[in-house]
Amino acid sequence: MTTDLFPTLEFPLLELRGVSKTYRSGSLQVQALRGACIAIREGEFVAITGPSGSGKSTLMHVLGCLDSPTSGTYRLAGQDVSTMSEEELADVRNRRIGFVFQQFNLLASLTAGRNVELPLCYAGVRRAERTARATEALARVGLAHRVEHRPGELSGGQQQRVAIARALVTDPALILADEPTGNLDSASTTDVLDLLAELHVAGRTIVLITHEADVAAAAARTVHILDGAIQNDSGVHQEATHRG
Ligand code: ADP
């Protein structure tokens with residue numbers, strides 16, 4: 001694992017201060033986030049939980065630099081995200097954050113290996129290096145023997161592991177997983193949660209968004225959100241590690 005990203009952080013990797021988000025459509029206004037404050041340090045494994053409609057997806061969009069707050073500040077590795085240019089934001093989304101979604105979002109026509117290579121294509125990495133890194137990432141998630149398989153030839157759990165390999169391949173500072181087990185049976189759910197726990201032990205920073213308490217239990221820290229506000233935060237766990 002390389003350590004070129006934010007190697008000696010003296011501040012949280014992610015810091016939300018008083019973040020609010022209001023959606024407006026016509027005369028209607030929905031306040032999806034209300035003054036959310038969270039600080040997440042490098043190496044933490046944090047679950048963000050809450051019932052449907054509580055603001056989890058909105059929070060994930062802010063954390064993933066996919067949407068901006070209406071008010072408040074979001075600092076990523078100390079830098080105020082609102083000051084970043086479009087180019088910097090695109091770079092953060094492509095290389096600094098590894099996204100894992102409920103629907104896997106794999107391209108059906110591409111092999112597992114080519115799917116995992118995609119973020120490296122966007123980053124302009126050459127073919128030979130892409131193939132080597134994708135193969136390594138698939139081995140990391142236990143799928144070295146499935147490099148040439150297409151998503152339709154893999155189980156749901158295996159597809160999600162391919163998606164996790166794709167999230168890992170750029171060596172991101174943060175893995176952001178949105179309901180990653182929402183489409184999986186219980187055996188595959190355990191499999192994917194065990195993999196996330198292993199990545200955490202290896203020093204990865206992981207934010208897992210879920211409405212299921214038993215899925216959240218996989219994380220070292222739980223932040224509960226209700227009606228757009230942080231209702232409870234179990235706090236930083238002692239085991240938060242640093243990458244290296
Ligand atoms: P969760 O992910 O916890 O289900 P969301 O963040 O999706 O919650 O939604 C929080 C609130 O914001 C809900 O009331 C939802 O209806 C509303 N909301 C979410 N996205 C939009 C949008 N694009 N436009 C208007 N309202 C939205």
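Read-outs throughout are calculated quantities, based only on the coordinates presented, and are distinct from any laboratory measurement. Since the structure is predicted, the reported quantities are computational estimates derived from the model, not experimental observations. Ideal geometry is used to build each Cβ from the backbone, glycine not excepted, and the neighbour counts take in all protein chains shown.
Computed from backbone phi with θ = phi - 60° and the Karplus coefficients 6.51, -1.76 and 1.60, the 3J(HN,Hα) list for the range 82-95 is 5, 8, 7, 6, 4, 5, 5, 5, 5, 5, 4, 5, 7, 10 Hz; x is used for glycine and proline.
In whole angstrom, the range 1-106 maps to an equivalent ellipsoid with semi-axes of 24, 16, 15, each derived as √(5λ) from the alpha carbon gyration tensor and ordered largest first. For the range 71-151, the share of alpha carbon pairs falling in successive 5 Å distance bins from zero is 3, 13, 19, 21, 16, 11, 9, 6, 2, 0 percent. Of the GluC sites (Glu not before Pro) found in the range 1-106, those that fall in a DSSP loop while having at most 12 other beta-carbon atoms within 10 Å are E10.
Neighbour counting of Cβ atoms within 10 Å sorts the residues L168, L33, fewest neighbours leading, into L168, L33.
Spin-label model, N105/A197: points 7 Å from Cα along the beta carbon direction are separated by 2.7 nm.
Taking the centroid of alpha carbons for each part, the range 89-166 and the range 51-78 are 25 Å apart.
In a reduced charge model with +1 at each Lys and Arg Cβ and -1 at each Asp and Glu Cβ, the chain shows a dipole moment near 420 debye about its Cα centre.
For the chain, the alpha carbon positions stretch 49, 44, 37 Å along the principal axes, listed from largest to smallest. Each residue of the range 24-33 was assigned a 3J(HN,Hα) from its phi angle through the Karplus curve 6.51 cos²θ - 1.76 cosθ + 1.60 (θ = phi - 60°); the sequence is 10, 9, x, 8, 7, 10, 10, 8, 7, 10 Hz, with glycine and proline shown as x. When the range 96-244 is described by a simple charge dipole with +1 on each Lys and Arg Cβ and -1 on each Asp and Glu Cβ, the residue from H200, S234, S188 located farthest towards its positive end is H200. Please figure out what share of the DSSP beta bridges in the chain is antiparallel and state it in percent, rounded to the nearest 5. In the chain, DSSP labels about 50 percent of beta bridges as antiparallel. The relative contact order of the range 143-216, computed from alpha carbon pairs under 8 Å that lie at least 6 residues apart in sequence, is 34 percent. Take every pair of alpha-carbon atoms less than 8 Å apart whose residues are at least six positions apart; their mean separation over the length of the chain yields a relative contact order of 29 percent.
For the range 83-214, the normalised intensity computed at q = 0.09, 0.15 Å⁻¹ comes to -0.24, -0.67 (log10 of I(q)/I(0), Debye sum over alpha carbons, equal scatterers, no solvent).
Residue separation of Y23 and A187 scaled by 0.36 nm, minus their Cα-Cα distance, works out to 55.3 nm of gained length.
Between the Cα long axis of helix 127-140 and the first principal axis of the chain there is an angle of about 80°, rounded to the nearest 10. Beta bridges per DSSP, both residues in the range 103-244: antiparallel share near 45 percent. The length gained on full extension between A139 and R126, counted as 0.36 nm times the residue separation minus their Cα-Cα distance, comes to 2.7 nm. Remark: spin-label model distance E87-S57 equals 3.3 nm, labels positioned 7 Å along the Cα→Cβ axis.
For the chain, the longest principal axis of the alpha carbon atoms and the long axis of helix 112-122 meet at an angle near 60°. Amide H contacts under 5 Å for R34: K21, A229, restricted to partners 5 or more places along the chain or on a different chain, H placed in the peptide plane at 1.01 Å from N.
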